[in-house]
Amino acid sequence: MRLPALKISYKVLILVAIPLLFEIGLVCFISVLISDSDQAMERELLSKEIILRAGMVARDAAQGAFSVGTYYYTQSDFFKEHYLNDRKSLQENVNAEERLLLKANKKDQLERLKNIRRLSTDGIEMMDEVMNDTDLRKKGQTGFISQNSLVAIVKSSRIMHALLTETQFVMRNESVYRDQYESITRKAKERIRLAVWALLLSLIMAAALAFPLLASINKRLQLVMQNTRKVPKGEALAPRLKGGDEIAELDAVFHDMVDELYNAQKMKQYLLSMVSHDIRSPLTSVQGLLTLLSVGTLGELNSKGKQRVTATEAELERLIRLTSDLLDVERLSSGTLQMEIKTMPSSVIVATAVSALETLAEQCCVKLEKELLNLDIKGDKERLVQVMVNLLSNAIKYSPKNGVIKISVERDGDMALFKVRDQGRGIPPEFQARIFERFQQVEASDASEKGGKGLGLAICKSIVEAHAGSIGVTSKQDQGSTFWFTVPLSEGKET
Ligand code: ADP
């Protein structure tokens, strides 16, 4: 399902707000239904109570009439007592029925109630008359059955009959109401069930609608992520994302940023090629001229002139080295430096580097010792010599007078392990990983006192890694350092 090109926040708002409103509506509807159903249930219960009370009224009336009649004939106090109880219960139940019917508030039933109350009062009056007359007879105050009593008995039985008929009417009417409320409750329950299903369905729908949005957000974010991974490799980015959402905006900003970055890189390349051709070449020519001057080919110089030429030569040498280092670092990191991989004995690397630095070592009163296992290695001779020269020249620079530098080569699995161990000041642990990054020096004074700009080890690292090897250092402060690097053996053979 394709969603229109809206902002993600709007899409989320729509996807959340619509089901939410629908669900709020449903919840309100359900609560109204529950309240209706509660009311109907309550009314149904009231009807049941009215029916029950009406039955009790009928029962009390019938029992009362029976008890007073039996008392009249037997003059037994047992029946008098029963009558008095029934009389009391009849009054209470009529009162209770009245309360219930007033609560139910049905016109027809209230009319019936009036009759019930009138008939029960009249009936009690008649039955009391029979009871009083019986009491008098019992006490011997009247020796015969009075005319009044007989009339009262007949009247009360008629009244009671009418009362029974009225209560039956009330019960029948109320049964109709009870059935009505029962059906209302049933329907309300049915509707509640349907509404709950609708609620569940709406939740499932909301989840189903959210899924394509999440999938599209995920897909677009994946594209942005893939682009970010392409930048370090210098690869072309995927085309800009379509649409006007936040991810498309992010992608557009990212594309602009990367375009700027690539332009800056092009500028840097241009600058570096300019440095290499337009600065380094004239510097080398000047160096040649200075050499001619210092050896006297262009005429003898006085001692002051010689001194100045030598100092300028050293400065120029430093400048040329710095430009070479900068070019190397750039070419290595951009992968534009071509390697000429060949098989050669490891001793060649060590010997070439040592012979290049022998004079410097002598000048610094440092001894170079070799512990060599000669292994056939695969690599670019010139670049590996550059690594060795760098490590050795550092070791010489940081060795104490009369210090010994041990150079060793050993086998380490499929690799040849080169080590340069010195007795210098060592490298603090927090610097041991950092010094292989560009422009990192342990002491601020290293640049001025020892020369260099913190590029040598970064170049070594790039060269070694270009050979699929690794480089590192183990060191204890004031006890010297061991710089090591590995390069692949030529099919693992020893010579
Ligand atoms: P630099 O051209 O400044 O020597 P490097 O990258 O070769 O640059 O070295 C970086 C820093 O590491 C040096 O400035 C120095 O502080 C430290 N370092 C390198 N080799 C040694 C060593 N053998 N002993 C002590 N410190 C060293």
Filtering region 150-176 down to residues that are surrounded by 13 or more Cβ atoms within 10 Å (Cβ to Cβ) and over 18 Å from SER120 (Cα atoms) yields LEU150, ASN173, GLU174, SER175
Residues to consider are SER445, SER399, SER393; find the one that is of a type in the set (Gly, Ala, Ser), assigned by TED's automatic domain parsing to the domain that holds VAL354 and in contact with a helix residue (DSSP H, G or I) (Cβ under 7 Å, 6 or more places away or on another chain).
SER393
Could you tell me whether any residue of region 227-236 is loosely packed, with under 15 Cβ neighbours inside 10 Å, within 21 Å of the chain's Cα centre (by Cα), at pLDDT below 90 and not β-branched (Val, Ile, Thr)?
no
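Do you know which of the residues in region 349-372 that are within 58 Å of the chain's Cα centre (by Cα) and among the aliphatic types (A, V, I, L, M) is modelled with the lowest pLDDT?
Of region 349-372, the ones within 58 Å of the chain's Cα centre (by Cα) are 349-350, 353, 371-372.
The next check asks that each one be among the aliphatic types (A, V, I, L, M); those that pass are 349-350, 353, 372.
Working: ILE349: 95, VAL350: 95, ALA353: 95, LEU372: 76.
Looking at residues that are within 58 Å of the chain's Cα centre (by Cα) and among the aliphatic types (A, V, I, L, M), I get LEU372.
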Any pair with Cβ under 6 angstrom, 6 or more apart, that starts in region 35-61 at a residue that is without any contact (Cβ under 8 Å) to a residue 40 or more places away in the chain and ends at one that is part of a helix (DSSP H, G or I) and of a type in the set (Asp, Glu):
ASP60/ASP86
Filter region 436-470 down to the residues that are in contact (Cβ under 8 Å) with a residue 60 or more places away in the chain and more than 10 Å from the ligand (Cβ to nearest atom) and list them by number.
SER462, ILE463, VAL464, ALA466, HIS467
State yes or no: is ARG158 in the same structural domain as GLY64 (by TED's automatic domain parsing), free of Cβ contacts under 8 Å to residues at least 40 places away in the same chain and under 16 Å from GLN63 (Cα atoms)?
yes
Using the structure shown, decide if LYS304 is open to solvent by 50 Å² or more (accessible area, probe 1.4 Å), touching a strand residue (DSSP E or B) at 6+ places or on another chain (Cβ under 7 Å) and of a type in the set (Lys, Arg).
no
Would you say LEU327 is outside the structural domain of LYS453 (by TED's automatic domain parsing), touching a residue at least 40 places away in the same chain (Cβ under 8 Å) and surrounded by 15 or more Cβ atoms within 10 Å (Cβ to Cβ)?
yes
The residue from GLN180, GLN141 that alone is part of a helix (DSSP H, G or I), free of Cβ contacts under 8 Å to residues at least 40 places away in the same chain and more than 30 Å from ILE18 (Cα to Cα) is GLN180
With the first residue restricted to region 413-424 and required to be in the same structural domain as GLU465 (by TED's automatic domain parsing), and the second required to be more than 14 Å from the ligand (Cβ to nearest atom) and part of a loop (DSSP other than H, G, I, E, B), Cβ contacts under 6 Å at 6 or more apart or on different chains are none
Examine region 471-483 for a residue that is among the hydroxyl-bearing types (Ser, Thr, Tyr) and within 43 Å of the chain's Cα centre (by Cα), and state whether such a residue exists.
yes
Go through region 134-149 and give me each residue that's buried (at least 18 other Cβ atoms within 10 Å of the Cβ) and modelled with pLDDT of 90 or more.
THR134
Subset of region 374-404, residues under 56 Å from the mean Cα position of the chain (by Cα) and open to solvent by 50 Å² or more (accessible area, probe 1.4 Å), comes to LYS378, LYS381, GLU382, LYS397, TYR398
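Go through region 358-408 and count every residue that is hydroxyl-bearing (Ser, Thr, Tyr) and away from the ligand (no atom under 11 Å from the Cβ).
2
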For region 321-352, what are the residues that are part of a helix (DSSP H, G or I), more than 14 Å from the ligand (Cβ to nearest atom) and not charged (D, E, K, R)?
LEU327, SER333, SER334, SER346, SER347, VAL348, ILE349, VAL350, ALA351, THR352
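The values are calculated or read from the model by the stated rules, or taken from the named source; none is laboratory data. Not measured: the values here are computed from a predicted model. For neighbour counting, all protein chains shown are included, and Cβ atoms are generated from backbone atoms with ideal geometry for every residue, glycine included. Note: accessible area is taken over every heavy atom of the protein model, side chains too, but ligands, DNA and RNA are not part of it. Shrake-Rupley method; radii C 1.70, N 1.55, O 1.52, S 1.80 Å.
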